[in-house]
């Protein structure tokens, strides 16, 4: 059990870091992908593309062009999960801050900066091994932990190129580290004091990524967005005291497409799909895990005319399914989520929302072979503008 | 400034399929020839004046004779008496009688029956830290033999018989002439020699004090006062013979020093299969290391009558031996407890001294300043001095020569997922 505290002021000057793992699937391959989206997109089962209105999402850089005031967003995401396999169940929980972003109108467009999480690699494991030492049976306990995350810091610029169409481009650098440590402790039946054995390794990630996107409104009814993220090779450089070597991973091109349409006044339907082929990473993995192509899609409904205490409080429902890129050999891993949530406008000046919060609550299940992981996840995003 | 605090529980794998390969833990034992060299046994550390409990013996185990020399603290300069209702200090006093009270550790003592004890006043200058059976003073440039003969022989001033069945202490009545010789605090001849004349007795003293009867010149009364010891030491005979094998403890204390060579392993087969041989372990791969010694019977006069605690420390400056400073205790200062019979009637007991920290330091190479790690190990008593008897162990070439036992854990390096 770990206790960590995060000062918000520190978060503003550092890349977004998950405070703890949220899934046992972080133990496979390069870990569990993290979608750096806000509470609204989460509640709609959306992949961060194709929603109406201004947004500061790294997956939809063009959406920032709709901002008229300087603004920022912070996303917090606690989760509670239980993983079971073969009749055994483990419980865990964690909180991450997957997105911290700000935008500032300048040069006829909007400049942006994002700190985002991409992959979560945290997990721990324990195994017990029977040994015979000095003619006596003893138990060795291997405790392993992996503490890692892949994040990025991105700067970008978005601009309207016509009344209904905007484009955006962000350029970023991957950051983050992964630390691995295996400790073997031996408890003897006599008074022998056996020192623990410790094997550690630490690596730092580096690499670059570019995301380009476009967002437009068709026929005054349908909001459409598309984006693509291209990455250089992701390099993992071992620290000087790490015996294990460096690594390099061929990250896939990520393609996203989304749309939302007004079905009726105040009622919108959204859908999004994303595709990335991670299979080329398989050759770079030491663990024997398989990397697969990933298809993700989701749909959602937003009722935007709901009000609470006279303020706009849109209600949202969503569903999403995603393949997970990494799984043990011969297994497919996937995730299904039902989501719901609402927003609340806290301050508004005319038609411009100055402050609002969006809350999503998701109930999901990840499955790979005999391993099933059920989870609850809350996402709270706070947006402020006009600062 | 806003702050967020979270309580976290990392996900724990349900099986070990996602864990790194198991490290290999194995046990190896190396004979002396593969890890040790240059055994030295050095004596002369500490003094009998520092023995926690002094003792007197006669022909103990047929050989050992020991006497306890005592020097009492300064006599009180006066007494406080009440004269005409006023309390005054009277310095014009007369010491009319004295009684030396001595208590015995009845658990550690060996008494074949009633034990005859004698005490006599010393009549020449003596020094507690250097006095021995033959010499009253034995320092560099000043060596003086006892004038009355070896063993600080002096005329008997008082004698008593202690019967362990009835009491745990005795009291020697002392005459005023003896007391008079102990009054002057500047007199360096002050002292008493306590001995036993009962063969086979070994009495361990746990307290001694002098009870004085003092008469005041101002009041018709006798006042009692008690003073303790200023110095004490034990003199004994015969001196121990030259060591055979390893010797630890005694008074002055013995230490056994051995040079430890970083071991090169050529087995066991599973180690060689995994990492190749010869294999020199790294510091972090030493999960446990210990020197295993085998007890042998100490010479008759010096066989322990109580548990001995054996420690091991690194020798920080071998070039400065025998006066090299020592490193920290490898046994947290407690030492390995060895029962007395292991050095007497039941030799051949294995005693394991953990030296894990020593071995890790040795295999870790030079420190940050480039200083080589200590490679010499001192095996010594956990406290010096602890007892007159000493511990004896088989040395190199003996059937129970020292063995280095190690538990190694070796594994492959951590690699990226």
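The values are calculated or read from the model by the stated rules, or taken from the named source; none is laboratory data. If you're wondering where the values come from, they're calculated on a predicted model, not measured in any experiment. Because the Cβ atoms are built from the backbone with ideal geometry, glycine has one as well, and the counts that use them run over all protein chains shown.
The listed residues are B:342, B:290, and the only one of them that is part of a strand (DSSP E or B) and either touching a helix residue (DSSP H, G or I) at 6+ places or on another chain (Cβ under 7 Å) or crowded, with 18+ Cβ neighbours inside 10 Å (or both) turns out to be B:290. Restricting attention to segment A:93-119, which residues are away from every other protein chain (no Cβ under 14 Å), surrounded by fewer than 22 Cβ atoms within 10 Å (Cβ to Cβ) and in a strand (DSSP E or B)? Within segment A:93-119, A:102, A:104, A:105, A:106, A:109, A:111, A:113 meet the criteria. Going through segment A:281-309 one residue at a time, which ones are within 14 Å of chain B (Cβ to nearest Cβ), outside any loop (DSSP other than H, G, I, E, B) and surrounded by 15 or more Cβ atoms within 10 Å (Cβ to Cβ)? Of everything in segment A:281-309, those that are within 14 Å of chain B (Cβ to nearest Cβ), outside any loop (DSSP other than H, G, I, E, B) and surrounded by 15 or more Cβ atoms within 10 Å (Cβ to Cβ) turn out to be A:281, A:282, A:284, A:290, A:291. The residue pairs whose first member lies in segment A:120-147 and is more than 7 Å from chain B (Cβ to nearest Cβ) and free of Cβ contacts under 8 Å to residues at least 40 places away in the same chain, whose second member is part of a strand (DSSP E or B) and exposed (fewer than 15 other Cβ atoms within 10 Å of the Cβ), and whose beta carbons are closer than 8 Å, counting only pairs six or more residues apart or on different chains, are A:128/A:139; A:128/A:141; A:130/A:137; A:130/A:139.
Filtering segment A:320-349 to residues that are more than 14 Å from chain B (Cβ to nearest Cβ), within 17 Å of the chain's Cα centre (by Cα) and either outside any strand (DSSP E or B) or within 13 Å of residue A:41 (Cβ to Cβ) (or both) leaves A:320, A:337, A:339. Does segment B:274-283 contain at least one residue that is in contact with a helix residue (DSSP H, G or I) (Cβ under 8 Å, 6 or more places away or on another chain), assigned by TED's automatic domain parsing to the domain that holds residue B:344, assigned to a loop (DSSP other than H, G, I, E, B) and buried (at least 19 other Cβ atoms within 10 Å of the Cβ)? Yes, segment B:274-283 has at least one match. One residue alone among B:280, B:331, B:297 is more than 14 Å from chain A (Cβ to nearest Cβ) and within 30 Å of residue B:236 (Cβ to Cβ), and that residue is B:297.
For the structure I just gave you, tell me whether residue A:205 is over 30 Å from residue A:68 (Cβ atoms), at pLDDT 95 or above, crowded, with 16+ Cβ neighbours inside 10 Å and within 11 Å of chain B (Cβ to nearest Cβ). So residue A:205 passes the test. Of the residues in segment A:262-272, at least one is crowded, with 20+ Cβ neighbours inside 10 Å and farther than 24 Å from residue A:332 by Cβ.
At negative phi, surrounded by 14 or more Cβ atoms within 10 Å (Cβ to Cβ) and either out of contact with any strand residue (DSSP E or B) (no Cβ under 7 Å at 6 or more places or on another chain) or touching a residue at least 24 places away in the same chain (Cβ under 8 Å) (or both): is that true of residue B:161 in this structure? Steps first, answer last, please.
Details: at negative phi: yes; surrounded by 14 or more Cβ atoms within 10 Å (Cβ to Cβ): no; either out of contact with any strand residue (DSSP E or B) (no Cβ under 7 Å at 6 or more places or on another chain) or touching a residue at least 24 places away in the same chain (Cβ under 8 Å) (or both): yes.
Answer is no for this residue.
Suppose the filter is in contact with a helix residue (DSSP H, G or I) (Cβ under 6 Å, 6 or more places away or on another chain) and farther than 23 Å from residue A:246 by Cβ; does residue A:127 pass it? So residue A:127 fits the description; yes.
Looking at segment B:209-223, can you tell me whether even one residue there is over 30 Å from residue B:83 (Cα atoms) and more than 14 Å from chain A (Cβ to nearest Cβ)? No, the conditions are met nowhere in segment B:209-223.
State whether the residues of segment B:7-29 include one that is within 31 Å of the chain's Cα centre (by Cα), at pLDDT 75 or above, under 30 Å from residue B:323 (Cα atoms) and part of a strand (DSSP E or B). No, segment B:7-29 contains no residue that is within 31 Å of the chain's Cα centre (by Cα), at pLDDT 75 or above, under 30 Å from residue B:323 (Cα atoms) and part of a strand (DSSP E or B). Tallying residues that are in contact with a helix residue (DSSP H, G or I) (Cβ under 6 Å, 6 or more places away or on another chain) and either assigned to a loop (DSSP other than H, G, I, E, B) or closer than 19 Å to residue A:357 by Cβ (or both) within segment A:58-92 yields 0.
If I go through segment B:345-362 residue by residue, how many of them are farther than 20 Å from residue B:309 by Cα and more than 14 Å from chain A (Cβ to nearest Cβ)?
Start the filter on segment B:345-362 by keeping residues that are farther than 20 Å from residue B:309 by Cα, which leaves B:359-362.
Within this subset, residues satisfying the condition of being more than 14 Å from chain A (Cβ to nearest Cβ) are B:362.
The number of residues fulfilling the criteria is 1.
Here the strands (runs of 3 or more DSSP E) wholly within segment B:82-186 that include at least 1 residues being modelled with pLDDT of 90 or more are B:93-104, B:115-121, B:135-139, B:142-145, B:158-162, B:169-174.
Conditions tested, residue by residue: (1) touching a helix residue (DSSP H, G or I) at 6+ places or on another chain (Cβ under 7 Å); (2) surrounded by fewer than 18 Cβ atoms within 10 Å (Cβ to Cβ); (3) modelled with pLDDT of 95 or more; (4) at positive phi.
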{"position": "B:367", "(1), (2), (3), (4)": "no, yes, no, no"}
{"position": "B:370", "(1), (2), (3), (4)": "no, yes, no, yes"}
{"position": "B:379", "(1), (2), (3), (4)": "no, no, yes, no"}
{"position": "B:384", "(1), (2), (3), (4)": "no, no, no, no"}
{"position": "B:392", "(1), (2), (3), (4)": "yes, no, yes, no"}
{"position": "B:396", "(1), (2), (3), (4)": "yes, yes, yes, no"}
{"position": "B:400", "(1), (2), (3), (4)": "no, no, yes, no"}
{"position": "B:404", "(1), (2), (3), (4)": "yes, no, yes, no"}
{"position": "B:414", "(1), (2), (3), (4)": "no, no, no, no"}
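Would you confirm whether any residue within segment B:363-386 is within 14 Å of another protein chain (Cβ to nearest Cβ), more than 27 Å from the chain's Cα centre (by Cα) and touching a residue at least 40 places away in the same chain (Cβ under 8 Å)? Yes, because at least one residue in segment B:363-386 is within 14 Å of another protein chain (Cβ to nearest Cβ), more than 27 Å from the chain's Cα centre (by Cα) and touching a residue at least 40 places away in the same chain (Cβ under 8 Å).
Of the numbered conditions (1) under 24 Å from the mean Cα position of the chain (by Cα); (2) surrounded by 17 or more Cβ atoms within 10 Å (Cβ to Cβ); (3) within 26 Å of residue A:217 (Cβ to Cβ), residue A:276 satisfies every one except a single condition; which is it? The one condition residue A:276 does not meet is (3).
The combined condition, being in contact with a helix residue (DSSP H, G or I) (Cβ under 8 Å, 6 or more places away or on another chain) and over 28 Å from residue B:324 (Cβ atoms), is not fulfilled by residue B:252.
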